[in-house]
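Take a look at the structure set out below.
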Amino acid sequence: MTQPAFIITIDTEGDNLWRNHDQILTRNALFLPRFQSLCEKFGFKPVYLTNYEMAVDDAYVEFAKDVIARAQGEVGMHLHAWNSPPFHDLTGKDGLHQPYLIDYPNDVIAAKVDFQTRLLEDTFQTKMLSHRAGRWALNEYYAKLLLEHGYLVDCSVTPLVDWRRSPGAPTGNGGANYLNFPDKAYFINPDNIARPGQSALLEVPMSIRYKHAPWLNHLKHFYDTVRGHRRTPSVHWLRPKGGNVENMKFVVESMLAQGNDYVEFMLHSSELMPGGSPTFVDEPAIERLYDDLEQLFEWLRTRVVGMTLAEYYLKKK
C-alpha cells in the first residue's frame, strides 16, 4: 500500500436519534447526495453503514443502489437494537433507553443480526461485508455472529474510549470498554476481541488520539482517582464537530506518524441535514460543516487514497 487509506464511514440512520425516541423519521436521506458528490470530487468512497429505518426508506435505497452501481461507495450494516426487527421489548421504554444490542438475550441478538443482514442483502443485491455496532457496542458473541454471517470488516472499536458510563438498559452494564484495545487494524481473536487472532474478521478501529500529552493524562487520572471520579482521558476523533478542522488534521498526522496505514473518518447521516442532530442545528451550521469538509478533504487529497472498508480489507489480505 503506497499511500495510507482514507476510509469514510457514515452511520446511516434516522433523524436526530439523540432526541427522537418515539417516532423515527428518515428525511436525512434526501441530504446524502450532496455529501456523496463532495466525496467523489476528491476521489473518496463513503461506506454507508445502514440501520433498519434507512434500509426501508425508498429515497435512501434508490440513492445507495446508484452508489453501489457506480462503484463509488459501499453499503454495510449498522444495527440499533431498540428499533430493528424482530422487536423485543427489553425495558418497557426501549425508545427512551436505547439499549445496546449486547444488553439483549443471545437469541434476540442472533435474530436481529440475521434479519438486518438478510434485509440489506436482499434490498441491495450485494453481500454485506462491513459492519459497525449501534452505539459502538461489540462483544465476543456479537463478533462470532458477524463471522458466521460472512462479514469481513468491523469498525466498532473506539480506542481510548470507555462507554461503560453511557447507559443502555437500566439493568445493563453500559457500553463497551475500549481503553486497552489496539488503535491499528487487526484480525480479531473471537475469544478476546481486544487481541489479534487468526479469524477472517478484520477490526478497523476509529482514528482517535489523546488531546493532551501522556504526563497530563496521568495527572488528570490521579486527580480523578483521588476525588472518586471515573473519567476517560479527553480525546480528538476524526469526526467533524463544527470548527475543528485543525483537530482532525492533528488526528490524521498523529496516526500516520505512528505508522498506521489508514485513517478512519465518521459522521452520522443525520448530521448532514439541518436540525438532524444536536451539533448541526440549522442551515448556517450545515454550510460551516461543508466548509470544514472541503478544507479537510483538500488537505487530505495528496496524503491518502480513498477506499471503502471492503477495499481496505483486500489490501490487508
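The values are calculated or read from the model by the stated rules, or taken from the named source; none is laboratory data. Keep in mind that what you see is a predicted model, and the values were worked out from it rather than measured. Counting neighbours? That spans all protein chains shown, and the Cβs are built from the backbone with ideal geometry, glycine included.
What's the number of the condition GLN295 fails, among (1) exposed (fewer than 15 other Cβ atoms within 10 Å of the Cβ); (2) closer than 13 Å to GLY243 by Cα; (3) without any contact (Cβ under 8 Å) to a residue 40 or more places away in the chain?
Only one criterion in (1) exposed (fewer than 15 other Cβ atoms within 10 Å of the Cβ); (2) closer than 13 Å to GLY243 by Cα; (3) without any contact (Cβ under 8 Å) to a residue 40 or more places away in the chain is unmet by GLN295, namely (3).
I'd like the full set of residues that are more than 16 Å from VAL252 (Cα to Cα) and in a helix (DSSP H, G or I), limited to the range 278-299. Full working, then the answer.
Going through the range 278-299, the residues more than 16 Å from VAL252 (Cα to Cα) turn out to be 278-291.
Result: GLU283, PRO284, ALA285, ILE286, GLU287, ARG288, LEU289, TYR290, ASP291.
Working carefully through the options LEU90, LEU101, LEU146, find the one that is crowded, with 19+ Cβ neighbours inside 10 Å, in contact (Cβ under 8 Å) with a residue 60 or more places away in the chain and not aromatic (Phe, Trp, Tyr). Let's see the steps before the verdict.
Details: LEU101 fails: in contact (Cβ under 8 Å) with a residue 60 or more places away in the chain; LEU146 fails: in contact (Cβ under 8 Å) with a residue 60 or more places away in the chain.
Going through LEU90, LEU101, LEU146 in turn, just one is crowded, with 19+ Cβ neighbours inside 10 Å, in contact (Cβ under 8 Å) with a residue 60 or more places away in the chain and not aromatic (Phe, Trp, Tyr): LEU90.
Residues that are of a type outside the set (Ser, Thr, Tyr), modelled with pLDDT of 95 or more and surrounded by 14 or more Cβ atoms within 10 Å (Cβ to Cβ): find the strands (runs of 3 or more DSSP E) completely inside the range 161-231 holding 3 or more of those.
Details: elements: 186-189, 192-196, 208-210.
Per the criteria, 186-189, 192-196.
Every residue, every condition in (1) of a type in the set (D, E, K, R); (2) under 30 Å from GLU294 (Cα atoms), yes or no:
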residue	(1), (2)
LEU32	no, yes
ASP66	yes, yes
ASP89	yes, no
HIS97	no, no
ILE109	no, no
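Please note which helices (runs of 4 or more DSSP H) are completely contained in the range 1-109 and include at least 3 residues that are under 22 Å from ASP154 (Cβ atoms).
Values: elements: 32-41, 52-55, 58-69, 94-97.
Correct list: 52-55, 58-69.
Regarding the range 300-309, can at least one residue be identified that is surrounded by 14 or more Cβ atoms within 10 Å (Cβ to Cβ) and assigned to a strand (DSSP E or B)?
Yes, the conditions are met somewhere in the range 300-309.
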